[in-house]
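There's a structure below that I have some questions on.
The values are calculated or read from the model by the stated rules, or taken from the named source; none is laboratory data. Just so it is clear, the structure is predicted and the values come from calculations on it, not from any experiment. FYI the Cβ positions are ideal-geometry reconstructions off the backbone, even for glycines, and counts take in every protein chain you see.
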Amino acid sequence: MQRSSMRFLYYFLVLGIFTIQGQVSFEAKVSKKRLGLNERLRIDFEMNENGDNFNPPNFINFHVVSGPQQSVSRSWVNGVQSFSKTYTYFLTPKKKGKIVLGQAEVNINGEVYKTSPIEIEIISAVEKPNDPNNNDNIIDGNIHLVAEISKNNPYLNEGITVTYKLYFRNPISISDVQELESPSYGDFWSHLIKIGRAEINMRGSYKGEPYNEVIWRKAVLYPQKTGKLILEPLTLNLSLNLPSNRKDLFGRRILTQAQKMITTGKDIIRVKGLPQNNKPDNFSGAVGEFDFDVILNKNALKASESFQVKIKVKGKGNLKLFNLPTINVPNTLEVYEPEHEENIQITVSGMEGFIEDNYTIVPEYQGKYPIPPVKFTYFNPQTALYKTLDSQDLLVDVFDGPQAGSKRANMVVSESKQIIETSENAFRFIKLNTELTPVNKKIFWMSNRFWILLFTPLLLIITAYLFKFFVFEKTEDASTSKQRKAQYLAKKYLSSAKNVFHNQILFYEALERALHNYLKAKLKIETTELSKSKIEILLLDKKVKKQTALDYVSVIENCELARYAPGSSVNIQSDFEKASRLIATIDKQL
């Protein structure tokens, strides 16, 4: 009994070994599951049995740099044979996020095997891509992308310029450039400067060495918060031409193409807050260097006229990011809301130009009115000091008009204080016992005027009814006639469609005509207006539920599909019932 048990265990182990050795495997392996936007991904599809009809997954979210590269390996270890066949691809990602690599398929011994999906996480471009499969040191040493920042530690609201430059030199030449990742400037007020078509400067310099230089982008930034701000990277995908070791018939080197993703990396800008010591109370956020003035368009006028006061700031700084001071005038001057005007140019050195507020003022009385001085304060980042500018004293002379507290006001007061003397018989003319006599002694009741006034409204009502019945009903406009005709046609074509269930094309032609004519009747529109997008908008405007409008458009699309693609899958009975139900539903909702 013990011998038979040992023999059974021996056979079980031998069978298990042969089963494991004979098991087919087909796997997908990646070099990394988390990589930067400028890194390469290697993926190997490996099988332990020779297979045919290999189909890779869809690499729609990647650029295929190279592949498939096929390799086969055979080995013998202790009399046991092993086999391996591999398909290799090198990929670069197109976008950030989590991307799922689908299944690859292969036919091995008449059966189809599939790999498991793999999730890859793509992050922002890294400064030093770790790509062990990229051995092209020529590219890495002769091409650079940098972000040149005019000032790394500006004050709050102080303008800085960021210039993105691409440097390259022989033996590299660039055939195409694609921008993959653009900085968003979330913590800055930003403005991109148009540079037109990119041009190559043959006399550029990078770290003291001669390079070809291309200015890719220029941006003017004004930081809107203090502290450490991150400037997001710019990432480019370059198509490069490189000389190979082969030569053509004329002895010239044959060029080969290569792909390279290059990034500026993240930059840190440390923004300083404005000084709090000696900060004026009227400071409104102006940072730069400015001139200030208050200008009158006239200083002498009549009381019935108006004049303008212009508050103007001119110079270089954050002109779009602060408010101008306001004026303070006497209460007897009526001041209207100012009209704002600006003329600002934005160059690599920042904003430059002027802004102004124009106040219209109307005086009520004559007199001499002083315009108090207006103060304007700004912070100069070059001197790190606040500076306050005062406008000059202004005087407006208003003549030829009423004066405040003049004769007119005194007349009102004197009249209100006048004493009225009354006699004893002032109110004795009123009689307490009165006798009323008719003004017109003719009797109105049952008179001719009575009957005329009684029957005239009735005659007018009857005349209006007859006029409507015999005139308006006979001369209804063409649009009403068309609407009635369309309603009739909708019913007619629905019945016509029902009669041709056996013919797909005729059925959907009749159904589509019925739907269109129904809308013409209900929405009062012409045939030329009946596009699908227009139908949806018109139904929604008429307070038809959105789902009902979408279903109506869907039935029309089914009609068009069935008419122009007769081989398509359709359901005539379902579409007819749906169209009838939708017409009834829209009638209720309208």
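Within the stretch 292-302, is there a residue that is in contact (Cβ under 8 Å) with a residue 40 or more places away in the chain, touching a Leu at 6+ places or on another chain (Cβ under 6 Å) and surrounded by fewer than 16 Cβ atoms within 10 Å (Cβ to Cβ)?
Yes: the stretch 292-302 contains one or more residues that are in contact (Cβ under 8 Å) with a residue 40 or more places away in the chain, touching a Leu at 6+ places or on another chain (Cβ under 6 Å) and surrounded by fewer than 16 Cβ atoms within 10 Å (Cβ to Cβ).
For residues that are at pLDDT 55 or above and assigned to a loop (DSSP other than H, G, I, E, B), tally how many sit in the stretch 1-53.
Qualifying residue count, the stretch 1-53: 15.
Please list, ordered by first then second residue, the pairs with beta carbon atoms under 6 Å, 6 or more apart or interchain, first in the stretch 151-164 and surrounded by fewer than 19 Cβ atoms within 10 Å (Cβ to Cβ), second outside any loop (DSSP other than H, G, I, E, B) and acidic (Asp, Glu).
Listed pairs, sorted by first residue: THR163/GLU148.
Still on this structure, please answer the following. Looking only at strands (runs of 3 or more DSSP E) that fall completely inside the stretch 176-246, which ones have 3 or more residues that are within 30 Å of PHE322 (Cα to Cα), in the same structural domain as ASN157 (by TED's automatic domain parsing) and at pLDDT 85 or above?
Ranges flagged: 188-193, 209-223, 227-231.
Hey, could you check the stretch 271-288 for residues that are in contact with a Ser or Thr (Cβ under 9 Å, 6 or more places away or on another chain) and in a strand (DSSP E or B) and say which is farthest from ASN380 (Cα to Cα)?
Among residues in the stretch 271-288 that are in contact with a Ser or Thr (Cβ under 9 Å, 6 or more places away or on another chain) and in a strand (DSSP E or B), the one farthest from ASN380 (Cα to Cα) is VAL271.
Just for strands (runs of 3 or more DSSP E) wholly inside the stretch 305-371: which have at least 2 residues that are surrounded by 18 or more Cβ atoms within 10 Å (Cβ to Cβ) and either acidic (Asp, Glu) or in the same structural domain as PHE188 (by TED's automatic domain parsing) (or both)?
Working: elements: 307-317, 333-335, 339-347, 350-363, 367-371.
Filter on the stretch 305-371 gives 350-363.
Filter the stretch 346-391 for residues that are among the small types (Gly, Ala, Ser) and touching a residue at least 40 places away in the same chain (Cβ under 8 Å) and give the result. Step through it out loud before you land on a result.
Our first condition is that a residue be among the small types (Gly, Ala, Ser); within the stretch 346-391, this holds for 349-350, 353, 367, 384, 391.
Matches in the stretch 346-391: SER349, GLY350, ALA384, SER391.
Still on this model: What pairs can you find where one residue is in the stretch 233-252 and under 30 Å from SER182 (Cα atoms) and hydrophobic (A, V, I, L, M, F, W, C), the other is at pLDDT below 85 and surrounded by 11 or more Cβ atoms within 10 Å (Cβ to Cβ), and their Cβ atoms are less than 6 Å apart, with a gap of 6+ or different chains?
The qualifying pairs are LEU238/LYS260; LEU240/ILE172; LEU240/ALA258; LEU240/LYS260; LEU242/THR256; LEU242/ALA258.
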